[in-house]
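Worksheet: one structure, shown below.
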Amino acid sequence: MATAKKTIKKTPAVEPNKITITPVAIATVNFTIKQRGESPLVVHAWSAKALRTMRLTAAERKKVAKVARNPEEEADGATYYMDDGRIGISAMAVKSSLLKAAHKDFGIPRTTVMKAMFLKASDTSGNLPLEYVEMSIREDCVRVGNGSTDLRYRPEFQGWSVDVCFEIDTRVLTPDDLVNLANNAGFGVGVGEWRPEKGGEWGRFEVDTTAPVTIS
């Protein structure tokens, strides 16, 4: 009796999944943000004196002799400066404002924007040159640790504006997306002290429509 031959089916070779990585599409976008309405800009940089005090131990702080307050000196210490001595604004504060305005509910998740948007600082100070019409010194009563209060002297700027230069990955963000994001940030997040994000009214801004938006 003849034995039936078994037919062995060969499993076709599985090709590995092909991965296609598109090159980064970088665009440089320049525009100006300016004060929105009557909302002034109030900043509070860490002064050299404040940093020295923070480095002291609790026992060492008690030994520091108390001196009379100097509003001009304290306000100057709270001001951001460029390497060349011009008054500036923290580039990181501006970028952080835009990032906090990004949300998945608005179609732009923050983690996505974070990887596709970079703000160029103007020099090694990490700041951007600030233009303004008027600068004054504010005296405000603020709450500090343990519920106590203290006075703070900080610079206030009226009629302020700043030129910004962003690098974006256009695979993720378009220049129009960036401008819209900046306007959203200026409306509801703000920058500086007592900004909307912190329940305040200061530091609101908008994209200056009278200045060109350049893309390269």
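No lab work stands behind these numbers, since they all come straight from the coordinates. Predicted model only: the values in this text are computed from it and were never measured. Backbone-built Cβ (ideal geometry, glycine too); neighbour counts: all protein chains shown.
How do 193-205, 22-34 rank on mean C-beta neighbours within 10 Å, highest first? Intermediate values should be presented prior to the final figure.
Values: 193-205: 18.9, 22-34: 15.0.
In decreasing order of mean packing, 193-205, 22-34 become 193-205, 22-34.
Roughly how big is the chain's charge dipole about its Cα centre, with Cβ charges of +1 (Lys, Arg) and -1 (Asp, Glu), in debye to the nearest 20?
On the way: 30 positive and 27 negative charges, 379 e Å.
Using Cβ point charges on Lys, Arg, Asp and Glu, the chain gives about 1820 debye.
Between Asp84 and Val213, what is the spin-label point distance in nm, taking each point 7 Å from the Cα along the Cα→C-beta axis?
2.8
With each pseudo-label sitting 7 Å past Cα toward Cβ, what's the Asp123-Phe187 distance in nm, one decimal?
3.6
Going through the cross-link list Lys66/Lys95; Lys66/Lys120; Lys66/Lys100; Lys18/Lys120; Lys100/Lys120, which pairs have a Cα-Cα distance over 30 Å in this structure? Intermediate values should be presented prior to the final figure.
Values: Lys66/Lys95 38 Å; Lys66/Lys120 41 Å; Lys66/Lys100 39 Å; Lys18/Lys120 36 Å; Lys100/Lys120 18 Å.
Checking Cα-Cα distances, Lys66/Lys95; Lys66/Lys120; Lys66/Lys100; Lys18/Lys120 exceed 30 Å.
I want to check the label-to-label distance for Thr112 and Gln158. Put each point 7 Å from Cα in the C-beta direction and report it in nm to one decimal.
In this crude label model, Thr112 to Gln158 measures out at 4.2 nm.
Between the range 100-131 and the range 148-190, what's the alpha-carbon centroid distance in Å?
A separation of 8 Å, based on Cα centres.
Explain nothing, just the number: relative contact order of the range 97-156, from Cα pairs under 8 Å at least 6 residues apart, as a whole percent. Please report the intermediate quantities before stating the final value.
Values: 47 pairs, mean separation 11.6, N = 60.
Here the relative contact order equals 19 percent.
Per-residue ellipticity at 222 nm for the chain, helices alone: DSSP H runs ≥ 4 residues times -39500 (n - 2.57), over residue total, nearest 500 deg cm²/dmol?
Numbers: 6 runs with 51 residues, N = 216.
So the helix-based figure for the chain works out to -6500 deg cm²/dmol.
Under 8 Å for C-alpha pairs, at least 6 residues apart: give me the relative contact order for the range 166-216, rounded to a whole percent. Kindly include the intermediate steps, with their values, before the conclusion.
Details: 48 pairs, mean separation 13.3, N = 51.
This gives 26 percent for the range 166-216.
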